[in-house]
C-alpha cells in the first residue's frame, strides 16, 4: 500500500470517528433538552458548548472524508475544544454524566490522550510536520 493510499485511508477512518463523536454529542444534547430546566446555568452552558463542538466534529469528519483542506484545521480545533470541555463536564462534574466518580479523571486523561493523538495524526495525514 502506498503512502498516499495509507494517508487517504487514515483520513477516512479519522473522519468516520469524528462523525460518530459529533453524532454522539448531538444525541446527548437532544436527550437533555427536554429536561434542561432542572439543571443550573453552568450545566446548560456546557451542554450548549458541547453541542456546538459536536457540530464542528461532525463537520470536520465529513470534510476529512471528502478530502477538503480546511478539515484538518477544524478537526484539530474541535478535538482540543472537546477535550477542554471534558475537563469541566466530566472531571469537575459540572454537567450531567453517568461516569462513576472514581473514574472521572482517568476518563478525562484518556480523552485528552485520544484528542491530542488524533490532532497530531490528522496533521500528519494532511502532510504537515507537527
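Rule-based calculations on the coordinates, nothing more; no lab input. These numbers come from a predicted model, not from an experiment. Because the Cβ atoms are built from the backbone with ideal geometry, glycine has one as well, and the counts that use them run over all protein chains shown.
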Quiz item: So residue 127 clears everything in (1) in a loop (DSSP other than H, G, I, E, B); (2) closer than 22 Å to residue 40 by Cβ; (3) in contact (Cβ under 8 Å) with a residue 40 or more places away in the chain except one condition, right? Which one?
Solution: (2)
Quiz item: Which ones in segment 100-124 are in a loop (DSSP other than H, G, I, E, B) and under 30 Å from residue 4 (Cβ atoms)?
Solution: none
